[in-house]
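Everything on this sheet refers to the single structure shown next.
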Amino acid sequence: MGTVRKFENWGDSHHPKILDFIRMLLGIFLVIKGGVFLKHTPFLRDLIIENKAITLSPEIITALIYCITYIHIVGGTLIFLGLSTRLASMFQFPIVFGAVFFVNILSSFVNSELWLSILVLALLILFMVIGSGPLSLDRFLSKIRIRNALSCRSF
């Protein structure tokens, strides 16, 4: 058995159900954050251009904002549903890491957005390790696959 499979099995066996509700709240938060980015795309583009944080063309910056928005909305939905939670968390990780270390930390240290980003980063790391949990579509679909496999063997 590979190291990754052992890691996944350990995460699946050490998962209190309260973490499923925290996972769902994290997913909702990421979807809302993606919606805010979508609503304020021109403002974010202008802010990045004015601060000269990235020396790219405005079209590439806009495309980057849309990619981040898409990843937040789709990844947040997957995390909320508990479907490929580890993979969705891995896609979210570099975005939130960048928010913590390149965006929020440059602001004043008493920045509430910084602390929220650190919390989200910690939760993403947690769900990369422990996975979806018992209240998830991953678990539901695996039970259906097992039932179907057992019913096929009886013939």
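The values are calculated or read from the model by the stated rules, or taken from the named source; none is laboratory data. Bear in mind the structure is a predicted one, so any value in this text is a computation, not a measurement. Here the Cβ is made from the backbone with ideal geometry for all residues, glycine too, and neighbour counts use every protein chain on show. Keep in mind that these areas ignore ligands, DNA and RNA; they rest on the heavy atoms of the full protein, side chains included. Shrake-Rupley method; radii C 1.70, N 1.55, O 1.52, S 1.80 Å.
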Tally time: how many residues in region 48-80 are open to solvent by 70 Å² or more (accessible area, probe 1.4 Å) and farther than 19 Å from VAL129 by Cβ? 12
Long-range neighbours under 9 Å by Cβ, at least six apart or interchain, first residue under 17 Å from ILE71 (Cα atoms) and without any contact (Cβ under 8 Å) to a residue 24 or more places away in the chain within region 18-38, second open to solvent by 50 Å² or more (accessible area, probe 1.4 Å) and of a type in the set (Phe, Trp, Tyr): LEU25/PHE80
